[in-house]
1. For every helix of n ≥ 4 consecutive DSSP H residues, a contribution of -39,500 (n - 2.57) applies; sum these over the chain, divide by its total residues, and give [θ] at 222 nm rounded to the nearest 500 deg cm²/dmol.
2. With +1 assigned to the C-beta of every Lys and Arg and -1 to the C-beta of every Asp and Glu, and no other charges, what is the dipole magnitude of the range 171-259 about the Cα centre in debye, to the nearest 20?
3. Which order do the peptides 99-108, 215-224 take when ranked by the mean count of other beta-carbon atoms within 10 Å per residue, highest first?
4. What does DSSP give for the chain in terms of the percent of beta bridges that are antiparallel, rounded to the nearest 5?
5. Hey, could you pull the Cα Rg and Dmax for the chain, both in Å?
6. Any idea how far apart GLU207 and GLU137 come out in nm if each label point goes 7 Å out from Cα toward Cβ?
7. On full extension of the chain, what length is gained from ILE226 through ALA50, given 0.36 nm per residue of separation minus the C-alpha to C-alpha distance?
8. Please give the direction-averaged projected area of the C-alpha convex hull for the range 100-226, in square nanometres with one decimal.
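Read-outs throughout are calculated quantities, based only on the coordinates presented, and are distinct from any laboratory measurement. Computed from a prediction, not measured in an experiment: that's the story for all the values here. No Cβ is skipped: glycine too gets one built from the backbone with ideal geometry, and neighbour counts run over all protein chains shown.
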Amino acid sequence: MKIAIAGKGGVGKTTLSGVMARYLADEGYTVLTIDADPDANLASALGFPAELLKGVTPLAEMTPLVEERTGAKKGTFSGVFRLNPKVDDIPDTYSVTHHGVKLLIVGNIPQAEGGCFCPENVLLKGLLHHILVKRDEVVIIDMEAGLEHLTRGSTKYVDAFIIVVEPGQRSIATAHQILRLARDLGVQKVYGVGNKVTSPEDRALIETGLNELLFLGHLSFNQQVIEADKQGMSPYDLNGTIKKELKTIIDRLRGEAFA
């Protein structure tokens, strides 16, 4: 089960990634989460304690690792380096685990002008391709809206691509852009999840604005989610409502993407 989750910044894609990972881990699945958003907050949504994250460095910032695996200095945009670096040991070596969920923080991939690859770009894209193709576990990827970490070769291994949308025109517009990018990359199964919903009118606004998407369900706006963030906790540990709504979303996802 390989799931990628994207959306406009602030819509709650990281919250969904975190609570979905916790839910599936509680069901007994082995879960690997990938924080592929430069604004890395997935650890908080998962409920990882701060002390566990001390000394954890995003992979893109690990200069010795990038240079060792690619044979080129980090940050260079030209020259010769390995296009197929060794990555199979990275998920287990550089991840941290809590509540039965592994977390791997990728970090930001710099883009050179003209679309040239840099060593960290090659390493991280190769890593993500390996995880999607070779790893036999549930994988949940918290993506940035631009989908820079995905390639056409890896997207066919994504079982479900979820776009998170809140009731607002900017969020809906960004969702359309993400949907177009996903389809350009060849992603087959794209779904929507509404978030911060307060009324049937909110649901209608989201689903009407994105009527080409099948919506798996909606998460209600809930003050306890905000309180969880203030306390550095996962909403999964504070909120019973989110678990009920999440069950509906996951059950429908299973029926649609994995039937």
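1. Only helices count here, giving -12000 deg cm²/dmol.
2. Using only the charged Cβ atoms, the result is roughly 200 debye.
3. Going by the mean number of other Cβ atoms within 10 Å, highest first, we get 99-108, 215-224.
4. Within the chain, antiparallel bridges account for around 10 percent of the total.
5. Here Rg and the maximum Cα pair distance are 17.9, 56 Å.
6. Taking the two extended label points, one gets 3.6 nm.
7. Extra length available between ILE226 and ALA50 comes to 61.5 nm.
8. The Cα convex hull of the range 100-226, projected and averaged over all directions, gives 9.5 nm².
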